[in-house]
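S.K.: A single structure is presented below for examination.
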Amino acid sequence: MREIRVGIIGCGGIAQNAHIPGYQRLENVKVVACCDIVESVAKTAAEKFSIPHYYTDYEKMLKSERLDAVSVCTPNSLHKEPTIMALESGAHVLVEKPIAANAEDGAAMVRAARKAGRILIVGFQERFNPYGMVIRKFVEGGDLGWIYYNRAVYLRRRGVPTWGVFLDRKLQGGGALIDIGVHALDLAMYLQGFKRPVSVLGRAYTLFGKNKEAAEANAWGPWDPEKFEVDDNSFAVVSMEDGSFLVLEASWASHIKSQHIFNVSLRGTQGGAQLDPIEIYADRNGVAVDMTPILYTKPDWREQSYIKIKKFIESIIAEKPLYAPGEEGVVVQSIIDAIYRSTETGRVEPVHIPL
Ligand SMILES: NC(=O)c1ccc[n+]([C@@H]2O[C@H](COP(=O)([O-])OP(=O)(O)OC[C@H]3O[C@@H](n4cnc5c(N)ncnc54)[C@H](O)[C@@H]3O)[C@@H](O)[C@H]2O)c1
């Protein structure tokens, strides 16, 4: 098999912690170039990972390197342009989550992928959460019946990301909701089989961002309350076309016992399931039972991130997306857009999926 030539756009945290090391674990895959608008970041990444060429302009990189695959790891508002340009250059693209800062941008990226005949995948590594993979099997097997309620939760006690531009509304498109709520929302949507969302009642609050004491108590160092422009707590009820509901909770900071809660629970007419700790609930022979699947792996961010890179490469070989196609990223983003709209209007908002 011919070697797959990979380029990286945006060489910050996620590129260096997940994408580049992930590709470098794979045979017949070579990261041949990386690009960051900040030259020192591109150069340091190239040196650290022995990447032959580095650039500060992705257009130049795409023109010079004949890439088969590109990871787009820039801030959310800067996903669209490099993704489209990479697709048009003939590369397949793995774009970090969320697909873009809004669903319209995401839809433009999907259309570009279709036109170029290239794969576009969104980097949702929670699809490879081993507990979620078990729940998905039970859902597919019909063990839960009709899922009428789905609860997706990603909460942190003091976990505001203080690196990069996560507090900048224009560059990120939002805060806790678009950053971590998106993981819980995508997993919940995937587990219940991507039902079509119809409307949303949501609230995106900034409750801790302007608070100096909360900023000082942050696990990742203090943030600057003056520069905090986004939501830190967001909640929504999403109504689906089949009459079921999804409830979403996302926070970067809240007064809760744990530093980190990531969970999805599903309730169906034949059974229920909870992600963590993994349990399935049902009736057997007239007796209510709890089922605990025996698993030999636990959720592990690094391992799941590696699988997402590996499956992206396998998708290129298989000539079809093997997980999280751009279309699903747009549906998820359409819900997030509607939550932000509902916050502004104070009303239930329809979900527009621009595809
Ligand atoms: N899947 C996950 O769990 C996960 C975790 C963290 C971040 N992310 C996503 O990854 C993306 C980046 O996040 P991060 O934490 O790596 O941020 P970061 O700030 O550490 O890195 C982003 C990099 O992009 C560079 N950049 C900005 N504009 C550019 C341009 N025009 N051309 C080239 N480079 C440019 C910046 O200089 C920076 O080095 C975001 O979309 C974020 O949501 C995903």
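S.K.: Given the conditions (1) touching a helix residue (DSSP H, G or I) at 6+ places or on another chain (Cβ under 9 Å); (2) within 14 Å of the ligand (Cβ to nearest atom); (3) farther than 15 Å from GLY164 by Cβ; (4) of a type in the set (Asp, Glu), which single one is not true for ASP57?
M.R.: All conditions are met except number (1).
S.K.: Right, something else. Output the residues belonging to region 23-53 that are within 11 Å of the ligand (Cβ to nearest atom) and surrounded by 15 or more Cβ atoms within 10 Å (Cβ to Cβ).
M.R.: Here is the first cut: in region 23-53, the residues within 11 Å of the ligand (Cβ to nearest atom) are 34-42, 44-45.
Of everything in region 23-53, those that are within 11 Å of the ligand (Cβ to nearest atom) and surrounded by 15 or more Cβ atoms within 10 Å (Cβ to Cβ) turn out to be CYS34, CYS35, ASP36, ILE37, VAL41, ALA42, THR44, ALA45.
S.K.: Being in contact with a Phe, Trp or Tyr (Cβ under 8 Å, 6 or more places away or on another chain), modelled with pLDDT of 95 or more and small (Gly, Ala, Ser) narrows it down to one of ALA217, ALA204, so name that one. So that I can check it myself, show each step before the final result.
M.R.: On the way: ALA217 fails: in contact with a Phe, Trp or Tyr (Cβ under 8 Å, 6 or more places away or on another chain).
One residue alone meets the criteria, ALA204.
S.K.: Next up: Determine the pairs where a residue that is outside the structural domain of CYS73 (by TED's automatic domain parsing), located within region 8-25, has a partner that is surrounded by fewer than 18 Cβ atoms within 10 Å (Cβ to Cβ) and in a helix (DSSP H, G or I) with Cβ atoms under 9 Å apart, the partner being 6 or more residues away or on another chain.
M.R.: none
S.K.: Tell me, please, whether a residue that is over 20 Å from GLU319 (Cα atoms) and near the ligand (Cβ under 9 Å from one of its atoms) can be found in region 62-71. If you could, list the steps in order and put the result at the bottom.
M.R.: Filtering region 62-71 down to residues over 20 Å from GLU319 (Cα atoms) leaves 62-65.
Filter once more, so that each one left must be near the ligand (Cβ under 9 Å from one of its atoms): none.
Within region 62-71, none of the residues are over 20 Å from GLU319 (Cα atoms) and near the ligand (Cβ under 9 Å from one of its atoms).
S.K.: Here is a further query. Only one of these is closer than 30 Å to ALA273 by Cα and in contact (Cβ under 8 Å) with a residue 12 or more places away in the chain: PHE245, PHE166, PHE228. Name it. Walk me through how you get there before you give the answer.
M.R.: Working: PHE166 fails: closer than 30 Å to ALA273 by Cα; PHE228 fails: closer than 30 Å to ALA273 by Cα.
None of the other options fit; the residue is PHE245.
S.K.: What about ALA86, is it within 13 Å of the ligand (Cβ to nearest atom) and part of a strand (DSSP E or B)? It would help to see each step written out before you state the result.
M.R.: Details: within 13 Å of the ligand (Cβ to nearest atom): yes; part of a strand (DSSP E or B): no.
Spelling it out, it is not the case that ALA86 is within 13 Å of the ligand (Cβ to nearest atom) and part of a strand (DSSP E or B).
S.K.: Considering ILE119, ILE99, which residue is crowded, with 22+ Cβ neighbours inside 10 Å, more than 16 Å from the ligand (Cβ to nearest atom) and in contact (Cβ under 8 Å) with a residue 12 or more places away in the chain?
M.R.: Values: ILE99 fails: more than 16 Å from the ligand (Cβ to nearest atom).
So the residue among ILE119, ILE99 that is crowded, with 22+ Cβ neighbours inside 10 Å, more than 16 Å from the ligand (Cβ to nearest atom) and in contact (Cβ under 8 Å) with a residue 12 or more places away in the chain is ILE119.
S.K.: Hey, can you tell me all the residues within region 217-240 that are surrounded by 19 or more Cβ atoms within 10 Å (Cβ to Cβ) and charged (D, E, K, R)?
M.R.: ASP231, ASP232
S.K.: Could you give every pair whose Cβ atoms fall below 8 Å, whose first residue belongs to region 142-156 and is at negative phi, and whose second residue is of a type in the set (Ser, Thr, Tyr) and in a strand (DSSP E or B), counting only separations of at least 6 or pairs across chains?
M.R.: ASN150/SER265; ARG151/SER265; TYR154/SER251; LEU155/SER251; ARG156/SER251
The values are calculated or read from the model by the stated rules, or taken from the named source; none is laboratory data. Nothing here was measured: the structure is a model prediction, and the numbers come from that model. Cβ: placed from backbone, ideal geometry, glycine included. Neighbour counts: every protein chain shown.
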